[in-house]
Amino acid sequence: MDLIARYKEVRQRTEKICSYLQTEDYVVQPVVDVSPPKWHIGHVTWFFETFILKPYFMGYKEYNPDYNYVFNSYYETVGTRVIRTDRGNLSRPTVIEIYSYRKYVDEAMEGFLCGEVGDDVKELLILGFNHEEQHQELLMTDIKYILGHNPLFPAYNKNYAAPRIDEGEGDAFISMDEGIYEIGFTGDGFCFDNELNRHKVYLNAYEISPKLVTNAEYLEFINSGGYHDFRHWHAEGWDWVKTNKVEAPLYWHLIDNEWHNYTYHGLEPLHLKDPVTHISYFEAYAYASWKGLRLPTEFEWEAASSKFNWGRRWEWTESSYLPYPGFAKAPGAIGEYNGKFMVNQKVLRGASEVTPPGHSRATYRNFFQTNLRWQFTGIRLAR
Ligand SMILES: [Fe+2]
């Protein structure tokens with residue numbers, strides 16, 4: 001792998017995503033989960049500076065020691081930091097200053113990568129590339145939230161086009177035999193620690209849909225009173241519906257009796273054939289229950305994943321985010337990457353239309369809390 005080329009490609013992709021923003025768009029944090037774009041572009045830079053340049057590049061001079069406080073996300077090992085809810089309250093460093101920080105770190109990184117790089121550093125670098133790609137997806141979803149919650153509903157990019165993924169013809173469920181399946185990453189390439197160890201799982205016979213649930217199908221659930229019938233919901237989900245007065249997926253707006261949807265193009269009439277998205281786990285579960293079906297477990301999803309086309313939506317599974325047998329955290333700060341989040345979250349499988357190309361794989365485990373909807377989540381049914 002040409003490390004310099006890969007580094008440049010990853011860094012440029014982040015800046016391309018931000019190239020459609022106005023300066024003011026970079027700064028706001030409308031809710032805790034949505035970070036200001038300028039924080040993302042500083043944080044991913046901080047990651048390379050903290051984990052590569054400072055420990056491994058002899059003579060490297062830290063750009064600004066105060067930035068560790070501002071751009072550390074959740075690494076206790078690396079010291080104190082701005083609390084997450086306050087990321088949007090910082091008018092400084094400015095967007096221009098953060099781009100200067102990026103440039104400084106990029107030049108140092110390119111100098112560093114011209115030399116000999118050991119295997120341990122290479123591993124950290126590849127983690128850094130994948131980390132920045134994860135933030136590219138977060139940038140896309142956070143930007144959507146920021147613009148989509150502005151009453152003017154500004155477009156992000158009128159030329160935005162989701163990658164084309166053909167889900168194929170026919171909707172007969174795929175039958176899977178009972179038996180022992182191997183789950184988890186295998187091979188020579190990169191994977192996150194949470195995809196290991198590969199292990200055996202026994203599955204009963206099951207069937208899984210080759211397609212994602214569409215907006216049209218989800219609309220039937222809404223129109224049949226799904227949000228007003230406690231029988232389809234977990235107790236916690238039902239409380240969430242009532243407390244938040246939820247009536248539809250995030251970004252849906254009923255205008256003159258016609259459903260509209262905020263997209264990267266602005267507010268548009270709902271596209272009925274698109275897979276439903278921006279739904280919580282609670283909603284995915286309730287929809288499946290209303291259909292008399294269920295969500296697949298993450299193991300069922302992975303075992304069947306070569307038999308359907310995935311990648312349009314992160315698919316909620318019925319699995320809690322737990323360590324696989326033999327899971328081990330890396331020593332030091334990097335050990336905080338995944339393991340400490342293995343509580344109170346559900347696993348999502350697949351990828352979404354804003355996942356960077358090549359970032360995901362069949363063993364990839366995404367995870368979010370059950371009430372969150374700002375990611376491109378979706379539903380695949382099983383029985
Ligand atoms: Fe991060």
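The values are calculated or read from the model by the stated rules, or taken from the named source; none is laboratory data. Quick caveat: nothing in here was measured; it's all calculated off a predicted structure. Here the Cβ positions follow ideal geometry from the backbone for every residue, glycine too, while neighbour counts run over all protein chains shown. Note: areas computed on protein heavy atoms with side chains; ligands, DNA, RNA excluded. Shrake-Rupley method; radii C 1.70, N 1.55, O 1.52, S 1.80 Å.
Taking 19 Å as the cut-off, the amide N atoms of the range 270-313 that come nearer than this to a point 7 Å along the Cα-to-beta-carbon line of Val31 belong to 276-287. Per residue, the accessible area of the range 174-382 comes to 42 Å², computed with a 1.4 Å probe over protein heavy atoms only.
Sort the following peptides by mean Cβ neighbour count (other Cβ atoms within 10 Å, averaged over residues), highest first: 163-172, 256-265.
Packing order, densest peptide first, comes out as 256-265, 163-172.
Asp193 contributes about 40 Å² of solvent-accessible surface, heavy atoms of the protein only, 1.4 Å probe. Taking a Cβ cut-off of under 11 Å around Gly128, the surrounding Lys, Arg, Asp and Glu residues balance to a net charge of -1, with basic ones at +1 and acidic ones at -1. Label zone (Lys340, point 7 Å along Cα-to-C-beta; backbone nitrogen cut-off 18 Å) within the range 53-81: 68-81.
Can you tell me, using C-alpha contacts under 8 Å and at least 6 residues apart, the relative contact order of the range 3-149 as a whole percent?
Contact order relative to length: 40 percent.
For a modelled paramagnetic label at Glu24, 7 Å from Cα along Cα-to-Cβ, the residues of the range 82-98 in reach, with backbone nitrogen under 16 Å, are 91, 95.
In plain terms, the chain from Cys114 to His228 could stretch by 34.9 nm, reckoned as 0.36 nm per residue minus the Cα-Cα distance. Placing unit charges on the Cβ atoms of the charged side chains and taking the dipole of the range 251-303 about its Cα centre, the candidate lying farthest along the positive direction among Asn261, Trp301, Trp290 is Trp290. Taken along the Cα-to-beta-carbon direction at a fixed 7 Å, the label points for Lys242 and Asn371 span 1.4 nm. Taken along the Cα-to-beta-carbon direction at a fixed 7 Å, the label points for Ala235 and Ser175 span 3.9 nm. Full extension of the chain between Ala155 and Asp2 gives 51.5 nm of extra length, using 0.36 nm per residue less the Cα-Cα distance.
Classify the range 174-382 as rounded, prolate or oblate, taking a ≥ b ≥ c as the square roots of the eigenvalues of its Cα gyration tensor: rounded when a/c is under 1.5, otherwise prolate if a/b is larger than b/c and oblate if not. Prolate is the answer for the range 174-382, as a/c is 1.5 or above and a/b outweighs b/c. Karplus-derived 3J(HN,Hα) values for the range 370-379, using 6.51 cos²θ - 1.76 cosθ + 1.60 with θ = phi - 60°, are 5, 9, 8, 9, 7, 7, 7, 8, x, 10 Hz; glycine and proline are entered as x. Can you grab the distance from the C-alpha centre of the range 258-313 to the C-alpha centre of the range 86-135, Å, no decimals? First find each Cα centre; the distance between them is then 34 Å. Taking each DSSP H run with n ≥ 4 as -39500 (n - 2.57) and averaging over every residue of the chain yields -10000 deg cm²/dmol at 222 nm.
What shape does the chain take by its C-alpha gyration tensor, where a ≥ b ≥ c are the square roots of the eigenvalues and a/c under 1.5 counts as rounded, a/b above b/c as prolate, and the rest as oblate? Let's see the in-between values first.
Working: a/c = 1.94, a/b = 1.34, b/c = 1.44.
Verdict is oblate for the chain.
Among residues other than Gly184 whose Cβ falls under 10 Å from its Cβ, what is the net charge (Lys/Arg +1, Asp/Glu -1)? Here the charged neighbours net out to 0. Residues with beta-carbon under 14 Å from that of Ile255, excluding Ile255: net charge, scoring Lys, Arg +1 and Asp, Glu -1? My count for the surroundings of Ile255 gives -4. Whole-Hz Karplus values for the range 294-306 come out as 8, 7, x, 6, 5, 6, 4, 4, 5, 5, 9, 4, 7 Hz, taken residue by residue from phi with 6.51 cos²θ - 1.76 cosθ + 1.60 and θ = phi - 60°; glycine and proline positions read x. In a reduced charge model with +1 at each Lys and Arg Cβ and -1 at each Asp and Glu Cβ, the range 76-215 shows a dipole moment near 880 debye about its Cα centre.
Extending 7 Å from Cα along the Cβ direction at Asn204 and again at Arg294 yields two label points whose distance is 0.6 nm.
For the range 174-382, which whole percent of the accessible surface, found with a 1.4 angstrom probe, sits on carbon and sulfur atoms? Walk me through the intermediate numbers first.
Numbers: 4530 of 8860 Å².
Carbon and sulfur atoms account for 51 percent of the accessible area of the range 174-382.
Distances between placed amide hydrogens fall under 5 Å for Ile174 paired with Ile208, Ser209, all partners being 5 or more residues away or on another chain. Put a plus charge on the Cβ of each Lys and Arg, a minus charge on the Cβ of each Asp and Glu, and nothing anywhere else: the dipole of the chain about its Cα centre is then about 380 debye.
If the limit is 18 Å between Cα atoms, which of Lys144/Lys273; Lys211/Lys291; Lys54/Lys122; Lys16/Lys144; Lys8/Lys103 go over it?
Values: Lys144/Lys273 21 Å; Lys211/Lys291 15 Å; Lys54/Lys122 15 Å; Lys16/Lys144 15 Å; Lys8/Lys103 11 Å.
Checking Cα-Cα distances, Lys144/Lys273 exceed 18 Å.
Annotation: peptides 43-53, 327-337, ranked by per-residue average of other Cβ atoms within 10 Å with the highest first, follow the order 43-53, 327-337. Prolate is the label for the range 1-146, because the ratio a/c of its alpha-carbon gyration tensor axes (a ≥ b ≥ c) is 1.5 or higher and a/b is greater than b/c.
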